[in-house]
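What follows is a short report on a single structure.
The values are calculated or read from the model by the stated rules, or taken from the named source; none is laboratory data. Note that this is a predicted model, so its numbers are computed, not measured. Cβ placement follows ideal geometry from the backbone for every residue including glycine, while neighbour counts extend to all protein chains displayed.
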Amino acid sequence: MGRLLFDAWMRSSFRFNGFFSAALFLGSLVPVFSQQVTASAHGVQAVDQGMTMQVTALREDVLRVRIWRGGTKPEDASWAVLPKARTSAVDVSATASGFHTQKLRVEIGAGLKLTVSDLDGHVLQEDASPIAWRGDGFRLYKKRAMDEHFFGLGDKPGPLDRGGQAFTMWNTDNFGWQESTDPIYKSIPFFIDFREGRAFGVLFDNTWRSFFDFGREDEHAYSFGAPNGPIDYYLMYGPEPKEVVSTYAWLTGPTPLPPLWALGFQQSRYSYYPEAEFMAIASRLRADKIPSDALYLDIDYQKNNIPFTVDPEKFPKFPEMVKELAKDKFHLVVITDLHIAKQAGVGYKPYDTGVAGDHFVKNPDGSTFVGPVWPGPSVFPDFTRAQTRKWWGTLYKEFASEGVAGFWNDMNEPAVFETPTKTMPDNIQHRIDEPGFVKRTTSHLEIHNVFGMENSRGTYEGLLALEPNVRPFVLTRASYAGGQRYASTWTGDNSSTWNHLRQTVPQIVNLGLSGFSMTGADVGGFAGSPSPELLTKWIEYAAFQPIDRDHAAKGTRAHEVWADGPEQEAIRKRYIEERYKLMPYLYTAAEETSRDGIPIMRPLFLEFPHATSDGHPMDLDTGGGEFLFGGRMLVAANPSPEEVNPYEVHLPPGTWFDYWTGERFERATKGQRLDLEQRDKLTQDKPLMITPKLDTLPVYVRGGSILPIAPLTQSTEEAPNGPLTLRIYLSSDASEPCAGEVYSDDGKSFAYRKGQFARVRFTCKIRPDGSMAVDAAQQEGSYTPWWKTYRIEVYGWTPKDRKVEVEGKVLELTQSGVAWAVEVGAERNGVSVALR
């Protein structure tokens, strides 16, 4: 039945036989038309014609909505939402048709139509019609305004804004995907609704194949639904978008603090072998002084592509090789696909112990499902069983003991060859045996979208069991909401095209908004061979993205930094070096996301939600090329990177500095949509036009920022030698705070949880006499960082006397380009510096 016909039928079917009460007391029943509404201390429950809606306030700004038919309440369990968050509750104030919290108002109308507003009367979400049912399937329709924008859903290809598009959640191995391809590898059913500067988040916690339509079917409505499973969704109010992102992290967990080396440059290929060739790659990286931290081995290191094996002919001295790499400060990451080769009677431990423990998924008749993948006939662990995940984790014991540092869980959609669906048949059986869930058997249709996440969970938890004080590094291709708790990710098998380079920005940004802060895209493109210019530009982009991994498919030309000669190598190397200089800033951003969920790579509207006069996200004005690296740096990539014509950079309101030259730019303090003639009248808002150059990626720093920058190293294992530079970029607005911070720890263990970290916060201000005060606060934490001195560099300020007063001493300010600089001691109890 079409939605419009369904709406008409529903309207004609309602028989209003009740009335609205002026007041509703806790525990009482009040008829609302044909409905019965029951208030409780924490929400409301309404029943209408055999259907029940329950709305619970988990926090003042978070609602949980559950809807079911019949008298039996569905199982209350979730793979995505943390138990503590899911069972939270706050007291509410009942109304005649719902309730309100200190931030939100909930009303349930005829047909269980839900409306959520803020206390100022702004409607945040309103049902467009009653729920549409089709057998066990359902669809929820919400009213959509024409100025409404949608972000999230993970790494779905296409523009940053999901408005006007429709998507399917079904993890799919989709080699060679394009901008219009859907679905691909992940299913993250979370999005942010942004309108007039207000943000509202929605998590639809249903693991079945689900659907989202943001105005493609009907421009006046958006919808989501599934063919089966629960109607269970969470609503998160900002109104600031950062608050929504942090709330989503509260619900599903933040990205944990990664090992420091995972933020370094990573070199990979399908595949490096034999051992001599692989070690030659490591030697060349060090010989050419290309800073790097990780090397990857794809499936060809294995014997006949069998997971958890090593080919003794290709890698005859594997343990010794791992140790040699570690001596040269390289971390080895190996692939461990989840399919286990069906190799009985040959001493293949993963298969033998898996059979003994009954750990593999079943056919409907109870036999073990067998499907072809890289090693041939394979079986698949049933990761919905806690005991199976625990067994899976033990398979890493030998690799971990040999010093392998990280593990790559690929093919975990799960991918199965020679099937029309590219995955397991729908009727494959999974045995859920998990704390918090009812012990039961269900079909692959329910488990498919969480299979990859539970695979990476088994790896992560297994590594913790083997080495409890070492932060695991797991890289997964497939996942679900909450999967960021267990693994980093990347955008899958992209292609060596300019369009796929352009796609990296919206994909990684939307992944960050969807909880996955540690993300990247295969640098250079996986499928195909990039031109020298494309590879160079891609390496420049990736220097400012969370994960920087150069990866290529079998049969493609060389992707290494030195490919294409010394001129290209020099450009590429310079950007990788800049990433390492910015490592204190990057690691500080990673530590932030581990606490509050704010992603490392961000859209502009996350930091500047009110930059435009009509409240639209200013990212829509940039063509999709601009993003924030942390909260203080803006990368203004060409929205069409293959074009050679000048393009306009859109800087948010305030003061900005060119990161490379120190040139200052001012933008109006209140964003406006102005045509070129209007902007020409405002000197400060003249268009900033950039002529693309191969060796230049425009990067800007926000006025009022203090960036921590380190001396160059060749690896994160190497302690920087020299001062920690504090680059101070002053805002022309004296009322804007000038601040920054740096975070450090041992980069490996969980000792930081016991206070063994160092956090120093920095502030600065201009005094009435024109002098400047710079303060480094007393260090938080007991860890001793590598720096002993600070080099203070000030941009956007001119001294009068060129003098510095610190601890009773007078020093000289020196000019360094357009900055003024001085070096002072870094005291754990803090230091105050006066510049005049």
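Here are the numbers:
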item: Residue count, region 637-648 (criterion: touching a Ser or Thr at 6+ places or on another chain (Cβ under 8 Å) and surrounded by 15 or more Cβ atoms within 10 Å (Cβ to Cβ)); result: 2
item: Qualifying position, being more than 22 Å from Asp127 (Cβ to Cβ) and touching a strand residue (DSSP E or B) at 6+ places or on another chain (Cβ under 7 Å), among Pro189, Pro159, Pro183; result: Pro183
item: Residues of region 520-571 satisfying the condition of being more than 20 Å from the chain's Cα centre (by Cα) and among the aromatic types (Phe, Trp, Tyr); result: Phe526, Trp562
item: Residues that are surrounded by fewer than 17 Cβ atoms within 10 Å (Cβ to Cβ), under 25 Å from Gly817 (Cβ atoms) and not charged (D, E, K, R), drawn from region 713-736; result: Asn721, Gly722, Ser732, Ala734
item: Selection count, region 313-342, where residues are under 28 Å from Gly371 (Cβ atoms) and either under 26 Å from the mean Cα position of the chain (by Cα) or among the aromatic types (Phe, Trp, Tyr) (or both); result: 7
item: For Trp490: the one exception among (1) under 19 Å from Gly152 (Cβ atoms); (2) more than 19 Å from the chain's Cα centre (by Cα); result: (2)
item: Entirely in region 730-836, the strands (runs of 3 or more DSSP E) that have 2 or more residues that are of a type in the set (Phe, Trp, Tyr) and touching a residue at least 12 places away in the same chain (Cβ under 8 Å); result: 789-795
item: Members of region 39-50 that are in contact (Cβ under 8 Å) with a residue 12 or more places away in the chain, out of contact with any Pro (no Cβ under 9 Å at 6 or more places or on another chain) and either assigned to a strand (DSSP E or B) or buried (at least 20 other Cβ atoms within 10 Å of the Cβ) (or both); result: Ala39, Ser40, Gly43, Val44, Ala46, Val47
item: Meets criteria (of a type in the set (Gly, Ala, Ser), in contact with a helix residue (DSSP H, G or I) (Cβ under 7 Å, 6 or more places away or on another chain) and either in a loop (DSSP other than H, G, I, E, B) or modelled with pLDDT of 95 or more (or both)) for Gly201; result: yes
item: Residue within region 449-456 that is surrounded by fewer than 19 Cβ atoms within 10 Å (Cβ to Cβ) and of a type in the set (A, V, I, L, M, F, W, C) present; result: no
item: Matching residues, region 492-542, being touching a residue at least 60 places away in the same chain (Cβ under 8 Å), under 19 Å from Leu475 (Cβ atoms) and in a strand (DSSP E or B); result: Thr519, Ala527
item: Tally, over region 405-463, of residues that are out of contact with any Ser or Thr (no Cβ under 7 Å at 6 or more places or on another chain), assigned to a loop (DSSP other than H, G, I, E, B) and among the charged types (D, E, K, R); result: 3
item: Wholly enclosed helices (runs of 4 or more DSSP H) of region 545-639 bearing at least 3 residues within 19 Å of Gly704 (Cα to Cα) and out of contact with any Asp or Glu (no Cβ under 9 Å at 6 or more places or on another chain); result: 583-596
item: Leu606 vs. criteria closer than 27 Å to Leu535 by Cα and modelled with pLDDT of 95 or more; result: no
item: Region 98-118 residues that are on the phi > 0 side of the Ramachandran plot, paired with ones that are surrounded by fewer than 18 Cβ atoms within 10 Å (Cβ to Cβ) and of a type in the set (Phe, Trp, Tyr) (beta carbon under 7 Å, 6 or more apart); result: Gly111/Phe14
item: Yes/no for Ala132 being at pLDDT below 95 and of a type outside the set (D, E, K, R); result: no
item: Residue in region 268-285 that is closer than 30 Å to Met169 by Cα and either not charged (D, E, K, R) or not in a loop (DSSP other than H, G, I, E, B) (or both) present; result: yes
item: Options Asp213, Asp127; residue that is within 27 Å of Met51 (Cα to Cα), buried (at least 19 other Cβ atoms within 10 Å of the Cβ), acidic (Asp, Glu) and free of Cβ contacts under 8 Å to residues at least 24 places away in the same chain; result: Asp127
item: Subset tally (residues that are closer than 30 Å to Ala405 by Cα and either under 29 Å from the mean Cα position of the chain (by Cα) or modelled with pLDDT under 95 (or both)) for region 735-782; result: 22
item: Hits in region 76-99 (condition: of a type outside the set (Val, Ile, Thr) and surrounded by 18 or more Cβ atoms within 10 Å (Cβ to Cβ)); result: Ser78, Trp79, Ala80, Ala85, Arg86, Ala94, Ser97, Gly98, Phe99
item: Subset of region 542-557 [over 26 Å from Val509 (Cβ atoms) and in contact with a helix residue (DSSP H, G or I) (Cβ under 9 Å, 6 or more places away or on another chain)]; result: Lys554
item: Tabulated pairs, region 383-412, first on the phi < 0 side of the Ramachandran plot, second in a loop (DSSP other than H, G, I, E, B) and among the hydroxyl-bearing types (Ser, Thr, Tyr), C-beta under 6 angstrom, 6+ apart or interchain; result: Phe407/Thr336
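Quick grid of which residues meet (1) in contact (Cβ under 8 Å) with a residue 24 or more places away in the chain; (2) more than 28 Å from Gly525 (Cα to Cα); (3) more than 22 Å from the chain's Cα centre (by Cα); (4) not assigned by TED's automatic domain parsing to the domain that holds Leu114:
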| residue | (1), (2), (3), (4) |
| --- | --- |
| Asn206 | yes, yes, no, no |
| Gly229 | yes, yes, yes, no |
| Asp232 | yes, yes, yes, no |
| Met236 | yes, yes, no, no |
| Leu257 | yes, no, no, yes |
| Leu263 | yes, no, no, yes |
| Arg269 | yes, no, yes, yes |
| Tyr272 | yes, no, yes, yes |
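Yes or no, residue by residue, for (1) surrounded by fewer than 20 Cβ atoms within 10 Å (Cβ to Cβ); (2) touching a strand residue (DSSP E or B) at 6+ places or on another chain (Cβ under 6 Å); (3) not hydroxyl-bearing (Ser, Thr, Tyr):
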{"residue": "Asp358", "(1), (2), (3)": "yes, no, yes"}
{"residue": "Asp365", "(1), (2), (3)": "yes, no, yes"}
{"residue": "Val379", "(1), (2), (3)": "no, yes, yes"}
{"residue": "Thr388", "(1), (2), (3)": "no, yes, no"}
{"residue": "Asn409", "(1), (2), (3)": "no, yes, yes"}
